[in-house]
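Participant: Here's a structure for you.
The values are calculated or read from the model by the stated rules, or taken from the named source; none is laboratory data. Model, not experiment: these values are computed from the prediction. For neighbour counting, all protein chains shown are included, and Cβ atoms are generated from backbone atoms with ideal geometry for every residue, glycine included. Only protein heavy atoms, including side chains, enter the accessible area calculation; ligands, DNA and RNA are left aside. Shrake-Rupley method; radii C 1.70, N 1.55, O 1.52, S 1.80 Å.
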Amino acid sequence: QSSAVMPDDSFRWFARYLFEGKVLSELSGLLAMLNDEPAIITRRRPSKKVTLLMSALSQSGIDSSAALQKHWAEKDNKFLFKELKPWIKKDCLEGAKKIWIVAV
């Protein structure tokens, strides 16, 4: 396992902090609903759901709260919810959706 900087590191750390509720406090309630720890996002061997999340963020160039909020306001207020779904425990999906709506 290498400690070298990866090209998508800014997106990885942004996503991890987003899911941990450190970027937008409105999303802090999601942490208890996740079926995996956000820490897996910053591991070197990503799972499929991490790859999908990284792809969405990097293709849109989003690695900051300001960029995410601008994207939600100007382009797509449902951006990232599809990528969030695989992270949420099935019985928590409705609660997660409500938290997401408040945050956006």
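Participant: Please determine, by comparing only the residues of segment 68-79 that are of a type in the set (A, V, I, L, M, F, W, C) and either in contact (Cβ under 8 Å) with a residue 40 or more places away in the chain or surrounded by fewer than 16 Cβ atoms within 10 Å (Cβ to Cβ) (or both), which one is nearest to Pro46 (Cα to Cα).
Facilitator: Leu68
Participant: Give me the residue from segment 44-88 that is farther than 13 Å from Phe14 by Cα and β-branched (Val, Ile, Thr) and, out of that set, modelled with the lowest pLDDT.
Facilitator: By that ranking, first place goes to Thr51.
Participant: If you go through segment 33-67, how many residues are farther than 18 Å from Phe81 by Cβ, open to solvent by 40 Å² or more (accessible area, probe 1.4 Å) and aliphatic (A, V, I, L, M)?
Facilitator: 1
Participant: Checking Ser47 against (1) more than 13 Å from the chain's Cα centre (by Cα); (2) in contact (Cβ under 8 Å) with a residue 24 or more places away in the chain; (3) over 22 Å from Ile101 (Cβ atoms), which test does it fail?
Facilitator: Looking at each condition in turn, Ser47 falls short on (2).
Participant: When residues of segment 29-44 are filtered for being touching a residue at least 12 places away in the same chain (Cβ under 8 Å) and over 18 Å from Lys90 (Cα atoms), how many remain?
Facilitator: 4
Participant: Of the conditions (1) touching a residue at least 40 places away in the same chain (Cβ under 8 Å); (2) surrounded by 15 or more Cβ atoms within 10 Å (Cβ to Cβ), Glu26 fails just one. Which one is it?
Facilitator: The single condition Glu26 does not satisfy is (2).
Participant: Sticking with this one: Looking at Ala103, Ala96, which one is at pLDDT 95 or above and under 20 Å from Ile41 (Cβ atoms)?
Facilitator: Residue meeting the stated conditions: Ala96.
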